[in-house]
Amino acid sequence: MAKIMLQGTASSVGKSILTAALCRIFKQEGYTVCPFKAQNMSLNSYITLDGKEMGRAQVFQAYAAGLEPEAYMNPILLKPTTDKKCQVIVNGKVYCNSSAMEYHNMKLMFADMLKSQFKELEEKFDVVVIEGAGSPAEINLRDRDIVNMGMAEIAEAPVLLVGDIDKGGVFAALAGTIMLLREDEKKRVKGTIINKFRGDLNILKPGLTMIEDIIKIPTLGVVPYFKLQLEDEDGAVSFNKRVTASIDVAVIKLPHISNFTDFDALRTEEDVSVRFIESDKEFGEPDLVIIPGTKNTMEDLLFLRESGMEAKIKAYSNKGMLIGICGGYQMLGDTVKDPFGVETELKEIEGMKLLSIDTVFEKEKATTRVKGKCNILSQDINIYGYEIHMGICSYKAHSRPLFIIHEKDDRSTEHYDGAVNESGNILGTYVHGVFDGESFREYILSKIRENKGLPKRESKPYESLREQEIDKLADIVRENLNMDRIYEIAGLRRAK
């Protein structure tokens, strides 16, 4: 069975995006291909059709491979709650909450599970493209590694090492990484890739020859720096702070922000600028303010309160359009209660009191895919997305639900989600990805365009735009890498 693994000299060097590119290239050439990352640390997660949670990076890679995302593509997901603690998701379900040291000590427990799961993938697909995490040269973690060289050993996979030249020091990073590997690990590295190059390749070429002489590993290509409308790699997101288009969408950059991919569809609109703000001084005069999801609603609400941002948001809500998603939705209510200590030791906190709801955190996490319609708008406005939350909201007097959910995990249902104030300018919902649906996105943006005297625009399906961009990505990578050699390393026969 064919397989290949991408590891990096550091986090955010482009492993995720190059893994997606290889998935699409192999798919385009007729192979069944599956992405795989044994362990991902991210607050950007997604819910599969069977209600399981996985990292967004592997979701994007699944789309590149032409597959419906499945939790087996990312069997272990770590969701940080503080600097030293995280929620551990195993095979799509909450396994435990642990400290960094507790998880470090339990990692080897999962080795047999990963070996069994990978064997199943080998039997099911023509090729598996594996992504590592961080760097294989993290020597303090090597004895319990299950995601870099430890995973390469489990899968018996050849490795390509990716370095980011845009950060500077790429040759030192490549040489230093190889130097810190054991001899058996060095033998697994069959080639290097230099990523994010800007400039004249002729100037770089002598360095390619020199690094090959130093590490005795061939360079398989140089991928140029590019800008496409694709999801950012986990940990490498560029939190834009400038207004660059007619419509100014300001997203509050919470300390524990999660699922910032919720706004990727807005970025595809030609007249929309999405920026992230961290202080009241950056607020400006936005056309839409969004309070996003968070892994720690109560602490992030306290941050907004103590930093002066809450006062700014409340003042803005008297005249502007405000939307809260998941944790952001909970913050807009009257109270947030945590009787079981799910998030913090705080038992209760007062909300912003902009929506007439109360939130109570429960022990079990809700993880569902949903479809619905707007409850207060035209019935032609459909929405879809997914829910990931521990809290349950209850409606109070004068509450108006925002959506009627009619499908949950492919089963018919009928219940309310979200809330909207009497003026219709403050909205909240638990639905992540709500802007992916073009009808709701167009409705929100049309109201802003009308208020600003901007021309009408029709929103396009986000999925078709994403497919076009993935194809462009594959073209760039195919053109700049030695694909014949990569096929040979992976153990695939290339169609002529």
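Things worth noting here:
- Screening residue 27 with (1) surrounded by fewer than 24 Cβ atoms within 10 Å (Cβ to Cβ); (2) over 18 Å from the mean Cα position of the chain (by Cα); (3) not in a helix (DSSP H, G or I) gives one miss only, at (3).
- Test result for residue 300, in contact with an Asp or Glu (Cβ under 7 Å, 6 or more places away or on another chain), under 30 Å from residue 60 (Cα atoms), of a type in the set (D, E, K, R) and not in a loop (DSSP other than H, G, I, E, B): no
- Only a single criterion out of (1) surrounded by fewer than 21 Cβ atoms within 10 Å (Cβ to Cβ); (2) of a type outside the set (A, V, I, L, M); (3) not in a strand (DSSP E or B) is not satisfied by residue 96, namely (3).
- Of all residues in segment 276-291, those that are surrounded by fewer than 19 Cβ atoms within 10 Å (Cβ to Cβ), touching a helix residue (DSSP H, G or I) at 6+ places or on another chain (Cβ under 7 Å) and modelled with pLDDT of 95 or more total 1.
Here's the yes/no breakdown for (1) buried (at least 22 other Cβ atoms within 10 Å of the Cβ); (2) at pLDDT 95 or above; (3) outside the structural domain of residue 261 (by TED's automatic domain parsing); (4) of a type in the set (Asp, Glu):
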position	(1), (2), (3), (4)
321	no, yes, no, no
373	no, no, no, no
376	no, no, no, no
380	no, no, no, yes
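- Taken over segment 107-131, residues that are out of contact with any Pro (no Cβ under 8 Å at 6 or more places or on another chain) and surrounded by fewer than 22 Cβ atoms within 10 Å (Cβ to Cβ) amount to 15.
- Summed over segment 237-291, residues that are out of contact with any strand residue (DSSP E or B) (no Cβ under 8 Å at 6 or more places or on another chain), among the polar types (S, T, N, Q) and either free of Cβ contacts under 8 Å to residues at least 40 places away in the same chain or assigned to a strand (DSSP E or B) (or both) total 2.
- Evaluation of residue 273 against (1) in contact with a Ser or Thr (Cβ under 9 Å, 6 or more places away or on another chain); (2) crowded, with 21+ Cβ neighbours inside 10 Å; (3) not aromatic (Phe, Trp, Tyr) (one fails), failing number: (2)
- Residues satisfying the stated conditions in segment 397-444, i.e. under 26 Å from the mean Cα position of the chain (by Cα) and acidic (Asp, Glu): 407, 409, 410, 417, 436, 438, 442
- Among the residues of segment 200-218, not a single one is assigned to a strand (DSSP E or B) and either touching a residue at least 12 places away in the same chain (Cβ under 8 Å) or crowded, with 17+ Cβ neighbours inside 10 Å (or both).
- Of 397, 366, all but one fail to be surrounded by 14 or more Cβ atoms within 10 Å (Cβ to Cβ) and either modelled with pLDDT under 95 or of a type in the set (Ser, Thr, Tyr) (or both); the exception is 366.
- Test: residue 363 is basic (Lys, Arg) and closer than 21 Å to residue 258 by Cα: yes
- Residue, surrounded by the most Cβ atoms within 10 Å (Cβ to Cβ), within segment 132-149, restricted to residues that are within 15 Å of residue 11 (Cα to Cα) and polar (S, T, N, Q): 148
- The residues on offer are 442, 387, and the sole one that is without any contact (Cβ under 8 Å) to a residue 24 or more places away in the chain and farther than 30 Å from residue 18 by Cβ is 442.
- Conditions (1) modelled with pLDDT under 95; (2) crowded, with 19+ Cβ neighbours inside 10 Å: number failed by residue 328: (1)
- Subset of segment 68-125 [of a type in the set (Lys, Arg), free of Cβ contacts under 8 Å to residues at least 60 places away in the same chain and touching a strand residue (DSSP E or B) at 6+ places or on another chain (Cβ under 6 Å)]: 84, 85
The values are calculated or read from the model by the stated rules, or taken from the named source; none is laboratory data. The shown structure was predicted, so the numbers you read here are calculated from the model rather than taken from an experiment. Reconstructed Cβ throughout: ideal geometry from the backbone, glycine too, with neighbour counts over all protein chains shown.
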